[in-house]
Amino acid sequence: MPSLRLMLVCAVLLLGSSFFSAFAQCPDPCGPPGSPCPTTSTFPNILIGGGSCAGGITAVPFAVHVRDVGGASLVNVPVMLQFPAGAGTHGNQLQAPGQVVDCPGLRLIRPTNVDGVAVFYAQFFGCLNTPDVNVIAGSVCLGRVRARSTDSRQTPNAIVDLPDFTAFSNAFLIKVPYQPCFDYNDNGTVDLPDLVIFAHDFNASTPSAYCSSGW
Ligand SMILES: [Ca+2]
């Protein structure tokens with residue numbers, strides 16, 4: 001009969017291995033100088049997107065500052081926002097200039113600028129309240145973030161329109177139960193700052209389309 005001590009050791013090892021396997025892929029360890037480093041790179045912990053804003057410019061930018069182990073900014077590194085498959089989000093074919101939507105790959109891509117920063121204006125449909133969008137620089141996964149879009153209801157033009165406004169208004173006017181998908185400033189309540197963000201995208205909306213396949 002195994003001792004209590006042995007059982008405890010086994011339990012700790014099992015827990016440790018499951019923890020490790022769950023996080024083994026992201027964030028990656030810090031690489032050598034000149035390569036992206038998760039611990040020195042910065043980005044918000046939530047991605048706020050929109051749907052079919054004119055020119056692809058949504059209310060809330062998502063800036064990824066890519067740095068190496070020594071804190072040096074890395075220029076012209078491709079940064080990817082990798083969405084999970086089968087999670088109910090959809091890419092939008094209209095994106096800001098310089099920002100590529102890879103529909104089959106379920107991701108948005110843009111390179112870092114001369115300051116080592118990639119500023120995304122993500123256009124997608126849907127909401128992810130668990131951190132399942134991978135932020136990747138080159139081949140290095142920097143971390144995972146949640147994602148919320150002002151485009152919360154699918155309509156043919158992939159646009160922020162009346163059904164989205166109705167859904168937002170419901171969450172704004174009726175606070176309980178809390179509907180996190182409409183809390184764009186992530187302060188724990190659907191309030192005025194969220195309305196300002198929603199209104200930007202609603203007023204900027206122009207017809208476009210979702211990815212036709214893959215995402
Ligand atoms: Ca809020």
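Quick note: the coordinates plus some simple rules give every number you see, no bench work behind them. Computed from a prediction, not measured in an experiment: that's the story for all the values here. No Cβ is skipped: glycine too gets one built from the backbone with ideal geometry, and neighbour counts run over all protein chains shown.
Data overview
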| item | result |
| --- | --- |
| Filtered residues of the stretch 108-117 (kept if touching a residue at least 40 places away in the same chain (Cβ under 8 Å) and either of a type outside the set (Gly, Ala, Ser) or within 19 Å of ILE46 (Cα to Cα) (or both)) | THR112, ASP115, VAL117 |
| Whichever residue in the stretch 172-191 is assigned to a helix (DSSP H, G or I) and under 24 Å from SER52 (Cβ atoms) and, among such residues, is farthest from the ligand (Cβ to nearest atom) | CYS181 |
| Single match in VAL135, VAL60, VAL119, VAL79 (criterion: of a type in the set (A, V, I, L, M, F, W, C) and in a loop (DSSP other than H, G, I, E, B)) | VAL60 |
| Residue within the stretch 84-99 that is touching a strand residue (DSSP E or B) at 6+ places or on another chain (Cβ under 9 Å) and over 18 Å from SER149 (Cβ atoms) present | yes |
| The listed residue being in contact (Cβ under 8 Å) with a residue 24 or more places away in the chain, buried (at least 17 other Cβ atoms within 10 Å of the Cβ), more than 14 Å from the ligand (Cβ to nearest atom) and assigned to a helix (DSSP H, G or I), out of ASP151, ASP164, ASP194 | ASP164 |
| Residues satisfying the stated conditions in the stretch 99-109, i.e. assigned to a loop (DSSP other than H, G, I, E, B) and more than 19 Å from VAL60 (Cβ to Cβ) | CYS103, PRO104, GLY105, LEU106 |
| ALA96, sole failed condition from (1) among the aliphatic types (A, V, I, L, M); (2) within 12 Å of the chain's Cα centre (by Cα); (3) assigned to a loop (DSSP other than H, G, I, E, B) | (2) |
